[in-house]
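Data first, discussion second: the structure below is written as structure tokens.
The values are calculated or read from the model by the stated rules, or taken from the named source; none is laboratory data. This is a predicted model, so every value here is computed, not measured. All Cβ positions, glycine included, derive from the backbone under ideal geometry; neighbour counts span all protein chains shown.
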Amino acid sequence: MIIKELDQKLFIFQFFSKADKEVMLSERPWVFDGCTLLLKQVTRFEKYSKVQFDMAGFWVNVYDVLGIKQTKAFGVCLANKVGKFCDADSDNLT
């Protein structure tokens, strides 16, 4: 992997392995030096100065929820109260 600084607080990561890139993009959020890294896949046809970094993904754990409410639909409802729903751990839902 090569990391190049394009501008102040703007970097580009070049991966030589598709698997490494997928891990980097899927296992977010990443934190470096106490700061959250906002990552976005871009194409060669996009201007870096126009790329918007306006979202960061986070896992939210909710405890002490009634069994009847431990559903994906309820998770979507809760997630949309604090942000935008992305995914749920279906192993922990009924």
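Being among the charged types (D, E, K, R), touching a residue at least 40 places away in the same chain (Cβ under 8 Å) and outside the structural domain of Leu93 (by TED's automatic domain parsing) narrows it down to one of Asp33, Asp7, so name that one. If you could, list the steps in order and put the result at the bottom.
Numbers: Asp33 fails: touching a residue at least 40 places away in the same chain (Cβ under 8 Å).
None of the others qualify; the one that does is Asp7.
Of all residues in the stretch 45-65 being within 26 Å of Ala88 (Cβ to Cβ) and of a type in the set (Gly, Ala, Ser), which is farthest from the chain's Cα centre (by Cα)? Reasoning before the result, please.
So in the stretch 45-65, the residues within 26 Å of Ala88 (Cβ to Cβ) come out as 52-65.
Applying the additional criterion that residues be of a type in the set (Gly, Ala, Ser) yields 56-57.
On the way: Ala56: 5, Gly57: 3 Å.
For the stretch 45-65, the residue satisfying everything is Ala56.
What tally of residues in the stretch 14-37 results from selecting those that are over 16 Å from the mean Cα position of the chain (by Cα) and not in a loop (DSSP other than H, G, I, E, B)?
The first filter runs over the stretch 14-37 and keeps only residues over 16 Å from the mean Cα position of the chain (by Cα), leaving 14-19, 33-34.
Filter again for not in a loop (DSSP other than H, G, I, E, B), leaving 14, 18-19.
Summing the residues that are over 16 Å from the mean Cα position of the chain (by Cα) and not in a loop (DSSP other than H, G, I, E, B) in the stretch 14-37 gives 3.
If you go through the stretch 58-72 one residue at a time, how many are in a helix (DSSP H, G or I) and surrounded by 10 or more Cβ atoms within 10 Å (Cβ to Cβ)? Before the answer, list the steps.
The first filter runs over the stretch 58-72 and keeps only residues in a helix (DSSP H, G or I), leaving 67-69, 72.
Going one step further and asking which of them are surrounded by 10 or more Cβ atoms within 10 Å (Cβ to Cβ), we end up with 69, 72.
Qualifying residue count, the stretch 58-72: 2.
Only one residue in Val82, Val76 is under 28 Å from Leu93 (Cβ atoms), of a type in the set (Val, Ile, Thr), surrounded by 10 or more Cβ atoms within 10 Å (Cβ to Cβ) and assigned by TED's automatic domain parsing to the domain that holds Leu93. Which one? Walk me through how you get there before you give the answer.
Numbers: Val82 fails: surrounded by 10 or more Cβ atoms within 10 Å (Cβ to Cβ).
Answer to the check: Val76.
Looking only at the stretch 28-50, which residues are surrounded by fewer than 12 Cβ atoms within 10 Å (Cβ to Cβ) and more than 17 Å from Ile3 (Cβ to Cβ)?
Matches in the stretch 28-50: Gly34, Thr43, Arg44, Phe45, Glu46, Lys47, Ser49, Lys50.
Can you tell me which residues in the stretch 2-22 are exposed (fewer than 11 other Cβ atoms within 10 Å of the Cβ) and over 23 Å from Ser49 (Cβ atoms)?
Listed by number, the residues that qualify are Phe16, Ser17, Lys18, Ala19.
Could you please find all residues in the stretch 38-57 being in a helix (DSSP H, G or I) and not charged (D, E, K, R)?
Tyr48, Ser49
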